[in-house]
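First the structure, in the form of structure tokens, and then the observations on it.
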Amino acid sequence: TLPRRRLMHWHPNPGATLNSQILAEACSCAESLGGTKDGRWKTSIISCRPITRDSMGAGGRLPPDVPGELLGVALHEHPGLYFSILRTHRLVLQADAAFPHVMEKLQSYKARVSLDFEGFQYQLGDFCLRIGKCAPNNSETMRGIIMEVEYYPLSSIEKSRAIMVDFFDIWQETLAKKSLPGRFIHVESNFSEYGLSDHYSFQHTAVQYATCLQQLMAFLHVDV
Amino acid sequence: MPLVCPDGAVVAYAWKRQLAGQAGASAVDRTRLALKAFTDQKRRFFPHLEDEVLNHLHDGESGIAKRPRMPAGNGELEEKTLSEILKNLENEVPNMKISTYRRLDWSKRASSLASLMDDDFVDPSKELNLQNMGKLRPGSVTTPIDQVAVIELLVPSIFRVVVSLHPAGSVDPDAVAFFSPTEGGSYLHARGLSVHHVFKHVTEHADKALQYFISVEPSKALSMLLRWIADYQTLFAKLCSKCRRLLLMDKSLALLLPPVHRPYHQISSIGSDHQEAYHIGCSSYDA
């Protein structure tokens, strides 16, 4: 059983840009709440597109029911796992880390863009905060800032909701003192549509990253 | 970690461990250490006795402290036996699963919980097994009532509480501890401590509540304790009665905690519906 996690991303004010100052201020807020830094974290999302072939008809167009995008999520705290998500079909699959190699051999979907979410981790009593930036693999260009909040004592999503909302309010109050050009927001993922239960799991984390990516694409024009 | 005897009983005396590490200490040092350990434990577990004993010393009376009587309740359930207490509780709090164990059986259950919880892989069949364990566990159905030494109270997704009875089969609780339902391992016993701050602090408060219940009405202590515990199912939802917030940063502990204190004075054995809740800093009880 896993502790409950909630993912939030930075939503800049209209016209404002992202910069590392915002990230530094968020980290400083974590410390002001009594957080102690205890290491780094990293999650990677790989966006894959189907490989079109001549046999698919004129112009190599895909049949309409073939998903245009397959997302892969790799949680670096668990290098043996790989999660595949089909957003359009609300499917999430937990697989072995060798799965991308299998796909490569099948020549069905090919990785197009890889994004890394990475930063520092802070322990705040029964809470854990992970604050970091989102950047394309092998690039320093910051495309987003995200934050994970984990509450160790509970793994039920429903029972931990009030605590998570309250923590978020305390976080926002603390961050508001810095007068930064934007705010963190949380977009709910519809876990039940993916067939996920009330008990938190890695699949829940993978689905939250997929939702977060969608938000980043919409607001920051990340080309994925 | 407290010592666990072969029969599953736990040695509570921390001073023994301290003394064991100081072979070269003089008799005076050992006595001083033992006195300090006992005084600390007395202050922690019997806070209400300290002033009473001092008052009696001042008055020059004998050392037996007069205990405040609980107000006589009308319509209180007749609960003389352990079976009656547990049966009534099951009816009053249907969403709390109550299980009973021999001491050694509980040790096995606690260890088996560790292997179930350790696996981070979501395995639907394991989750089903966990639920089935609740039905097939070697406890609630088959433990003869006169051998019950451990009561487990589980509110799914909220808490797991372990209460120890001494002697086995009696209605005399002697220890209580709160844990997350996700915890498992040999440290899960009535004198153990959760790895989570929230449950550590509830346990500390529960220790005091237990000692209070024993001191005011020993024959009803178990009944009052179990009902007082049941109120903690709102631990992660009920706002503090003083500051009206859920999470609050406790400045002295530097921890964000929900209201972990529930009042234990003037609790009748039939329980109360609208218990108040307080953060440590908002509460009138000593932290």
What is the distance, in nm, between label points placed 7 Å from the Cα along the Cα-to-Cβ direction at residue B:111 and at residue A:138?
5.2 nm
Ordering B:243-251, A:174-182 by per-residue average of other C-beta atoms within 10 angstrom, highest first, gives B:243-251, A:174-182
At a probe radius of 1.4 Å, what is the per-residue accessible area of residue B:104, in Å² to the nearest 10?
80 Å²
Ordering B:28, A:66, B:260 by the accessible surface of their heavy atoms, 1.4 Å probe, largest first, yields B:28, A:66, B:260
Reported to the nearest 10 Å², residue A:51 has, with a 1.4 Å probe, an accessible area equal to 50 Å²
Largest first, what is the accessible-area ranking of A:93, A:75 with a 1.4 Å probe?
A:93, A:75
Roughly how much accessible area, to the nearest 100 Å², goes out of reach of solvent when A and B pair up, both sides summed, probe 1.4 Å?
2200 Å²
Per residue, in Å², the accessible surface of the range A:77-224 once ligands and nucleic acids are set aside, probe 1.4 Å
44 Å²
Taking a 31 Å limit on the Cα-Cα distance, which of the listed pairs A:133/A:159; A:37/A:110; A:110/A:159; B:36/B:87; A:42/B:242; A:37/B:251 fall beyond it?
A:37/A:110; A:110/A:159; B:36/B:87; A:42/B:242
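The values are calculated or read from the model by the stated rules, or taken from the named source; none is laboratory data. Since this is a predicted model, take the numbers as computed values, not measurements. For neighbour counting, all protein chains shown are included, and Cβ atoms are generated from backbone atoms with ideal geometry for every residue, glycine included. Accessible surface is based on the protein model in full, side chains and every heavy atom, while ligands, DNA and RNA are left aside. Shrake-Rupley method; radii C 1.70, N 1.55, O 1.52, S 1.80 Å.
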